[in-house]
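A.B. asks: Shown below is the structure under consideration.
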Amino acid sequence: MRVTAVIIRILRQFVRDKRTLGLMIIAPILILTLMNVVFADQEQTLEIGLVGEAQRLELRLQEGNIQVILLETEAQGWKKVRDSEMDAFLTTDKVVLEGSDPSVNRAILQKIHALVQPAEDNGKQLDIQYAYGSDAMEMFDNIGPFLIVFFVFFFVFLIAGVSFLRERTSGTLERLMATPIKRWELVLGYVAGFGIFTLIQSSIIVLFTIYILDIQMAGSIFSILFVTFTVAITALTLGTLLSAFARNELQMIQFIPLVVVPQVFFSGLFSIEAMPDWLQKISLIMPLTYAGGAMKDIMIRGKGLEEIVGNVLLLFGFSLLFILLNIRALKKYRPT
């Protein structure tokens, strides 16, 4: 009987907490559906250019997931692979790979080696060149930039959200709101205060990944730190915003499968180009889409801040939006 009483109490508790009950069902279904769509369409189309005499391979290459692009000059090929508009181009004596994704490199080389046998060209081997990276590039070098921004985003979001929530549940926020401080001053103060710690945390994560784990880094360390700090501020402002809608730590953690986990699929860890069009449009409202792209451009392609300024401005835009919404959310504690 006592066991039955405990069971009934637990069931009543879940029934009363409709948010937890709904999340237990909706979150797994949402994530599994997302994974099904993402992984079902992960066959990426490979874009390969042909220059000069190599264009005789056009019909033999045009099959499956390969799109052939005919080029007039080798300079056109170099420009397209450096702008990441094409995965590789082929001439009579060499193949040039964009190089930032080892799995794409392997797929292209396997295809080309199957078509171009040394015997067809007097025994000469094709010279393999890379616009970015090299044949020594490992899978971790490719996914490392995305993992850095994801883990920074995840932990800053969680810690900022729970910390701001405790300020509210402990009564500290109410006491502060009883002072002449304005809502925008309070929000900016919290962002700046937490921001100092996120700056330290982001710097440690980046330096550990680069100098201890020895991940490939083609760009500037200061550019990497700047983008990582920008991502941390975005996560910080989003975490403090959503904490206004949680009554306890459990409810704050419940935002993770709905807000953080889906962004894994749009951080660049998986090919966004291979996703359905409607899913690609969703990626436009995900901060990690721009953070992952910026980090890949810096760490693998060696680009500078001036070349990723669009992504950085969008991250600042997300942060500004979350700050403004947070100021508005505090209105329920004090109208002014």
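The values are calculated or read from the model by the stated rules, or taken from the named source; none is laboratory data. Note that the coordinates shown come from a computational prediction; the quantities given were computed from them, not determined experimentally. Here the Cβ is made from the backbone with ideal geometry for all residues, glycine too, and neighbour counts use every protein chain on show. These accessible areas exclude ligands, DNA and RNA; they are computed on the full protein's heavy atoms, side chains included. Shrake-Rupley method; radii C 1.70, N 1.55, O 1.52, S 1.80 Å.
A.B. asks: If I filter region 39-52 for residues that are out of contact with any Asp or Glu (no Cβ under 7 Å at 6 or more places or on another chain), farther than 15 Å from L115 by Cβ, among the hydrophobic types (A, V, I, L, M, F, W, C) and open to solvent by 80 Å² or more (accessible area, probe 1.4 Å), do I get at least one hit?
C.D. replies: yes
A.B. asks: Which residue is most open to solvent (accessible area, probe 1.4 Å), if the candidates are limited to region 250-268 and must be modelled with pLDDT of 75 or more and in a loop (DSSP other than H, G, I, E, B)?
C.D. replies: First, pick out the residues of region 250-268 that are modelled with pLDDT of 75 or more: 250-266.
Cutting the leftovers down to in a loop (DSSP other than H, G, I, E, B) gives us 254-255, 265-266.
Details: Q254: 17, F255: 37, F265: 12, F266: 2 Å².
Among those residues, the one meeting the criterion is F255.
A.B. asks: Ok, one more. Would you point out the residue of region 194-219, among those that are part of a loop (DSSP other than H, G, I, E, B) and of a type in the set (A, V, I, L, M, F, W, C), that is most open to solvent (accessible area, probe 1.4 Å)? First the steps, then the outcome.
C.D. replies: To start, the set of residues in region 194-219 that are part of a loop (DSSP other than H, G, I, E, B) comprises 213-219.
From what's left, of a type in the set (A, V, I, L, M, F, W, C): 213, 215, 217-218.
On the way: L213: 84, I215: 7, M217: 63, A218: 58 Å².
It comes out as L213.
A.B. asks: What's the number of the condition T179 fails, among (1) surrounded by fewer than 16 Cβ atoms within 10 Å (Cβ to Cβ); (2) assigned to a helix (DSSP H, G or I)?
C.D. replies: Unmet for T179, out of (1) surrounded by fewer than 16 Cβ atoms within 10 Å (Cβ to Cβ); (2) assigned to a helix (DSSP H, G or I): (2).
Every residue, every condition in (1) in contact with an Asp or Glu (Cβ under 8 Å, 6 or more places away or on another chain); (2) of a type outside the set (S, T, N, Q); (3) part of a loop (DSSP other than H, G, I, E, B), yes or no:
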position: V81; (1), (2), (3): yes, yes, no
position: F89; (1), (2), (3): yes, yes, no
position: T92; (1), (2), (3): yes, no, yes
position: V95; (1), (2), (3): yes, yes, no
position: Q125; (1), (2), (3): no, no, yes
position: Y132; (1), (2), (3): yes, yes, yes
position: L147; (1), (2), (3): no, yes, no
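A.B. asks: Right, another one. V227 - would you say it is β-branched (V, I, T), under 15 Å from F146 (Cβ atoms), out of contact with any Phe, Trp or Tyr (no Cβ under 6 Å at 6 or more places or on another chain) and without any contact (Cβ under 8 Å) to a residue 60 or more places away in the chain?
C.D. replies: In short, no.
A.B. asks: Got a sec? Which of L23, L50 is farther than 15 Å from Q280 by Cα and at pLDDT 80 or above?
C.D. replies: L50
A.B. asks: Which of the following residues is open to solvent by less than 50 Å² (accessible area, probe 1.4 Å) and either assigned to a loop (DSSP other than H, G, I, E, B) or on the phi < 0 side of the Ramachandran plot (or both): A136, A107, A75? Explain how you work it out, then say what you get.
C.D. replies: Values: A136 fails: open to solvent by less than 50 Å² (accessible area, probe 1.4 Å); A75 fails: open to solvent by less than 50 Å² (accessible area, probe 1.4 Å).
Every option except A107 fails the conditions.
A.B. asks: Provide a single number: the residues in region 1-28 that are under 30 Å from I272 (Cα atoms) and either surrounded by 10 or more Cβ atoms within 10 Å (Cβ to Cβ) or among the small types (G, A, S) (or both). I'd like the intermediate steps shown before the answer.
C.D. replies: The initial filter retains those residues of region 1-28 that are under 30 Å from I272 (Cα atoms), namely 22-28.
Subsequent filtering for residues that are either surrounded by 10 or more Cβ atoms within 10 Å (Cβ to Cβ) or among the small types (G, A, S) (or both) retains 22-24, 26-28.
Adding up the residues that qualify gives 6.
A.B. asks: Separate question: Among the residues of region 278-308, which ones are part of a helix (DSSP H, G or I), open to solvent by 50 Å² or more (accessible area, probe 1.4 Å) and more than 21 Å from V104 (Cβ to Cβ)? Before the answer, list the steps.
C.D. replies: Of all residues in region 278-308, those part of a helix (DSSP H, G or I) come to 278-283, 287-299, 305-307.
Within this subset, residues satisfying the condition of being open to solvent by 50 Å² or more (accessible area, probe 1.4 Å) are 278, 280-282, 305-307.
Within region 278-308, W278, K281, I282, L305, E306, E307 qualify.
A.B. asks: Return only the number of the condition from (1) open to solvent by 60 Å² or more (accessible area, probe 1.4 Å); (2) touching a residue at least 60 places away in the same chain (Cβ under 8 Å) that D83 does not satisfy.
C.D. replies: D83 satisfies every listed condition except (2).
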